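The values are calculated or read from the model by the stated rules, or taken from the named source; none is laboratory data. Small disclaimer: the values here were computed from a predicted structure and weren't measured. So basically every Cβ, Gly included, is an ideal-geometry build from the backbone, and we count neighbours across all protein chains shown. Accessible surface areas use protein heavy atoms only, side chains included; no ligands, DNA or RNA. Shrake-Rupley method; radii C 1.70, N 1.55, O 1.52, S 1.80 Å.
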Amino acid sequence: MGEADRPGEQPRTLMLVDGHGLAYRAFHALPDTLATSSGEPTNAVFGFTSMLLEVLRALKPDYAIVCFDSGRTFRHDVYAEYKAHRPEMADDLRHQMERIRQILEVLNVPIMVKEGYEADDLIGSLAAIARRRGLEVVIVTGDSDLLQLVDGGVRVVLPGRQRFGEFRVFDRQAVIERYGFAPERIPEFKALVGDTSDNIPGVPGIGEKTATKLIQAYPSLEAMVERLEEITPPRIREALRANAEQAFQSRELATIVADLDLDFDPEACRVGSYDRDRALALFRELEFRSLVPKLPEPIQRSAPATPRLQPSSQRMAVLTPADLARLLDDLAQAKAIALDVETTALHPMYADLVGIALATAPDRSYYIPLAHTTGDDQLPADRVREALAPHLRRADLAVFAHHGKYDALVLERAGFPRPRIAFDTMIAAYLLGETSIGLKELAFTKLGLEMQQIEELIGRGRKQITMDQTQIAQAMDYACADVEATYRLVDVLRPALAEQRQERLFHEIELPLIDVLIDMEEVGIAIDTDFLSELSTQLDGQIRQLEREIYRLSGHPFNINSTQQLARVLFDELHLPRGPRTKTGYSVSQEVLESLRDAHPIVNAILEYRQLLKLKSTYVDALPRQVHPQTGRVHTIFHQTVAATGRLSSSDPNLQNIPARSELGQQVRRAFIADNRPGYRPFDEPVVFLSADYSQIELRLMAHFSGDEALTRAFWEGKDIHAATAAEVFGVSLDAVTPEMRRIAKVVNFGIMYGMQAFGLARDTGMSRQDAQRFIEAYFSRFPGVSRYLEETRRRAAEQGYVESLFGRRRYVPDITSSNPNRRLAAERMAVNMPLQGTAADIMKLAMIQVHRAIAERGLRSRMLLQVHDELLFEAPESEVQELAALAVSLMEGVVELDVPLVVDAKVGQNWNDLEPIQVKLAR
DNA sequence: TCCAGCTC
DNA sequence: GAGCTGGA
């Protein structure tokens, strides 16, 4: 029987997907950075799949077909130029079309292609057939041309303008609201306006506004031509008269055929029956983790093919002394456990312990609730601490964790012994170059497990609760699944590290560093809040004054912080010359403003206003808010797995970008003080800051790696490297180097390490492009080793797909072979920079471990507070500072032996700004 | 989310 | 080249 409406039943819905249209739109709407970790581009596949699943979920169609274009279409016979302008499908997209076919195959969505026709025509015809059989139709496309098919029972879905994943549904009313006329008149609209992408000529001189008016005023194109005489203005009338034939032809081109005779068996297109396992495997291959939850429930299976949880695992909530005894028995036998803490906050210094999860085997786990507000049957924390402490201290018990630095610090703050992390799955994944290193992502990509998302437990947005408010049984399932996955991941990641020969990097640098970082995060640093609040008041006055000045000069008040409003004032009202554009308008960046300094007095005021406000909001006002209520100090988080080069990063607050250059910046730096505040002083004697920083470490590494003779010699001779560079390149003696020559040489030295081209050098020095180019050439002829090294690094990167630091840290640069020159050049810059920045990071990390260990071994009370890439900041009792300085300098300089000396400068002072060099008496 | 601006 | 944060 047919699909005609049956009494009392909702009409069924057919979803028709415009395969090319949607893929094409996704390809251009989504960034081409969307790719798998191996570099396969997936933006079109991802956008297509995301939209498909979203519509399936939201509109729940009963049937679905995806239509694709075939080769040559009848339109070529009508108009030879049709689509002649369209560029050949980009290779990146062509490849992705095959992936889309695979997606559709595993989702069991049928594909329709018909020789000589485009997807539009199939869709139009299928829609008509489906309507005749009483089905509702939903057309999913990226091409707004299809809006002409909208009718009573036909709706069109287009991707959202802002987010591709979201979609807009157009019914008849929505089309009328958007265009001002009915859907069926869209072909006439296109016939008048033309469409360059389809190479439809249209009527020259008629734009969207005029076309809309004409369509609203006349019932058809024929009527317009018949009643030509009444059309005004004459320009339009004549344009129409001269191009009437072309307009009719254009309309034909723009009209979607809806009368093909197609076989259509709805039952063959039923939504829902598909092989979930195969779909998951393909999603895994494409790294579409975020799309997994959007997969429809298969109707032919009662349970998902891949278990969400491991059904064979034994889990228990540890609630009674008997439970605890059982856990301890198990622990006593264990050689390794996976550990995870559940808490109330992301910042380890502000997180309260809510529960502890432990796995003693991949399929055996425990959850010990400690502070759930939902149950009163939890064991007392003291009892749990006493029970676990001996095990956490056991040298023969390996503790696995995912982001163990966090767990260890939280446990320590809760009174437990700090566990030593024997394997950290997050760090391992980071070293391996995995693109997603979250536990849930790794469980999916490495183990094929679909893990419960934290949001499923605690919700999201305004209704989000904290972990302590969850039910114990639910928290147990969540936390136990995490530790079991962690346990299993170790077995996958360990051999992978061996395979990449990164065991030493992992075991001798990254893992030992965890302990150092925990100490630094826990100790924190003191700031002078009184000083900052005074500074804030003072800045406030200056800012208000500048604000008044700016309003006066512009003639009216406006929001100076809004880049859009500011651009309007500068370029529209004051008519200052516009510079480069951003996506949303004209740039009002510092760089642009600097160039306009002389054009109008308001520019200077704005620059100064910006600087003051930036420093005030980012540092002066923000830092005091970050003082910990219990410790009275500021505790940053050091991230070990964020930077692509192996550097650390810092956040909450970021203490690695405290101002240093400007006068005001130095004021901010002065607020970081050695903690001699009454009531806070950590020891019974005054403390001071010791700062130890590597001098020119990356340039030294450049000398080492490149073996360049001139550069190496300059370092051995202890020369001012920028002056020495200037002398070489300008061909003068060292004494004859002017400050300007040195400045340029300095920019070049930095630029070379960043893979800078002549353009960047010209921009940063104020030279002309030609001069910059000549300068770079002169540099390379003076330092041929550097030139060879850069070339060799790029070549190797292209050959193996990654670059390495001295200690085997890797960075993958898949774009190094991209056909897009911008992306390829960017990849080349990353490739030449990483070995320098990455090796510097390795060296610093090793030094931190050694200095930290030496401090402990010598029983010193000095504490390492901060690492800022090439600088270590310590707080030391005055009586220790000499010893500490000698220790830090000698260990830092001696971390590795290179072909150039490593040099460390040490300085001492009461605050982070006013530091004086300290003469280091090297022991022995 | 983007832009701007602070660091090494 | 590498980061993080504030503001719209």
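Can you tally the net charge around A:D363? Count Lys and Arg as +1, Asp and Glu as -1, for every other residue whose Cβ sits under 11 Å from the Cβ of A:D363. All intermediate terms of the calculation are to be shown ahead of the outcome.
Numbers: positive: A:R315, A:R364, A:R488; negative: A:E484.
The answer is +2.
Enumerate the amide H contacts of A:F167 below 5 Å, restricted to partners 5 or more residues apart or on another chain; note that Pro and chain-start residues carry no placed amide H.
Under 5 Å from the amide H of A:F167: A:G160.
So if I place +1 on the C-beta of Lys and Arg and -1 on the C-beta of Asp and Glu, and nothing else carries charge, what would the dipole magnitude of chain A be about its Cα centre? I want it in debye, nearest 20. Can you show the working numbers first?
Values: 107 positive and 132 negative charges, 151 e Å.
It comes to approximately 720 debye.
Net charge around A:P187, counting only other residues with Cβ within less than 10 Å of its Cβ (Lys, Arg = +1; Asp, Glu = -1)?
-1
Normalised by the residues of the range A:301-433, what does the relative contact order come to in percent, with Cα pairs under 8 Å and at least six apart? Present the calculation step by step, with values, prior to reporting the outcome.
Details: 206 pairs, mean separation 32.6, N = 133.
RCO, the range A:301-433: 24 percent.
Calculate, for chain A, the solvent-accessible area per residue in square angstrom, rolling a 1.4 angstrom probe over the heavy atoms of the protein chains. Working shown, then result.
Working: 41790 Å² over 924 residues.
On a per-residue basis, chain A sits at 45 Å².
With the cut-off at 26 Å, report for the range A:314-523 the share of all Cα pairs above it, as a whole percent. Write out the running numbers ahead of the final one.
Working: 6737 of 21945 pairs.
So the pairs more than 26 Å apart make up 31 percent of the total in the range A:314-523.
Quick query: amide H of A:H639 versus all other amide H atoms, modeled in the peptide plane; which residues come in under 5 Å with a sequence gap of 5 or more or a different chain?
Answer set, sorted by chain and number: A:S649, A:S650, A:S651.
Residue by residue through the range A:348-353, what is 3J(HN,Hα) from phi via Karplus (6.51 cos²θ - 1.76 cosθ + 1.60, θ = phi - 60°)? Round to whole Hz and write x for glycine and proline.
With coefficients 6.51, -1.76 and 1.60, one gets x, 7, 10, 8, 9, 6 Hz.
May I ask you to order A:854-860, A:710-716, A:767-773 by the average number of other C-beta atoms within 10 Å around their residues, highest value first?
Details: A:854-860: 13.1, A:710-716: 18.9, A:767-773: 15.3.
Final packing ranking: A:710-716, A:767-773, A:854-860.
Mean Kyte-Doolittle of at least -0.5 and a Cα length of 30 Å or more along the axis: which whole DSSP H helices of chain A meet both? Present the calculation step by step, with values, prior to reporting the outcome.
Values: long enough: A:472-499 (40 Å, 0.38); A:529-554 (36 Å, -0.62); A:821-857 (53 Å, 0.04).
Helices passing the filter in chain A: A:472-499, A:821-857.
Just from the alpha-carbon atoms, what are the Rg and Dmax of chain A in angstroms?
Cα-based Rg and Dmax for chain A come out at 33.6, 105 Å.
Which loop-located chymotrypsin sites (Phe, Trp or Tyr not before Pro) does the range A:468-558 contain, where loop means any DSSP state but H, G, I, E or B and the Cβ has at most 16 other Cβ atoms within 10 Å? Kindly include the intermediate steps, with their values, before the conclusion.
Details: sites: A:Y478, A:Y487, A:F506, A:F531, A:Y551, A:F558; in loops: A:F558.
The qualifying sites are A:F558.
Let me check I've understood the local charge: for A:A762, count other residues with C-beta under 10 angstrom from its C-beta, Lys and Arg +1, Asp and Glu -1. What total comes out?
Values: positive: A:R763, A:R769; negative: A:D764, A:D771.
Net charge around A:A762: 0.
Taking amide H atoms as placed 1.01 Å from N in the peptide plane, list the residues 5 or more away in sequence, or in a different chain, whose amide H sits under 5 Å from that of A:V896.
none
Compute the Kirkwood hydrodynamic radius of the range A:697-839, taking the inverse of the mean of 1/r over all pairs of distinct Cα atoms, and give it in Å to one decimal. Write down the numbers at each step before the final one.
Numbers: mean 1/r = 0.0643 Å⁻¹.
Its Kirkwood hydrodynamic radius stands at 15.6 Å.
Which length gain, in nm to one decimal place, applies between A:A826 and A:Q770 when the Cα-Cα distance is subtracted from 0.36 nm times their residue separation? Don't skip to the answer; put the middle values down first.
On the way: separation 56, 0.36 × 56 = 20.16 nm, distance 2.18 nm.
Additional length available on full extension: 18.0 nm.
In the range A:314-523, carbon and sulfur make up what percent of the accessible area (probe 1.4 Å)?
Reported share for carbon and sulfur atoms: 49 percent.
Between A:A778 and A:V903, 0.36 nm times their residue separation minus their Cα-Cα distance comes to what?
Numbers: separation 125, 0.36 × 125 = 45.00 nm, distance 2.79 nm.
Between A:A778 and A:V903, full extension yields 42.2 nm more.
Roughly what % of DSSP beta bridges within chain A run antiparallel, to the nearest 5? Don't jump to the answer; show the numbers that get you there.
Values: 52 of 79 bridges.
Given both bridge residues lie in chain A, the antiparallel proportion sits at roughly 65 percent.
Taking the Kirkwood radius as the inverse of the mean 1/r across Cα pairs, report the Rg/Rh of the range A:184-302. Please list the in-between numbers first.
Details: Rg = 23.9 Å, Rh = 18.2 Å.
Using only Cα positions, Rg/Rh for the range A:184-302 is 1.31.
So what is the orientation-averaged projected area of the range A:567-615, using the convex hull of its C-alpha atoms, in nm²?
Numbers: hull surface 13.6 nm².
Result: a mean projected hull area of 3.4 nm².
For the peptides A:131-142, A:170-181, A:419-430, what is the packing order when you average, over each peptide's residues, the other Cβ atoms within 10 Å and list the highest mean first? Working shown, then result.
Working: A:131-142: 21.5, A:170-181: 15.7, A:419-430: 23.6.
Taking the mean over residues of other Cβ atoms within 10 Å, the ranking is A:419-430, A:131-142, A:170-181.
From the phi angles alone, apply the Karplus equation (6.51, -1.76, 1.60; θ = phi - 60°) to the range A:909-920 and give each ³J(HN,Hα) in whole Hz, x where the residue is Gly or Pro.
Rounded to whole hertz, the list is x, 8, 9, 6, 9, 9, 10, 10, x, 10, 6, 9.
For A:L228 paired with A:E503, estimate the spin-label separation in nm (one decimal), with each label point 7 Å from Cα along the Cα-to-Cβ line.
Placing both labels 7 Å along Cα→Cβ, they lie 8.7 nm apart.
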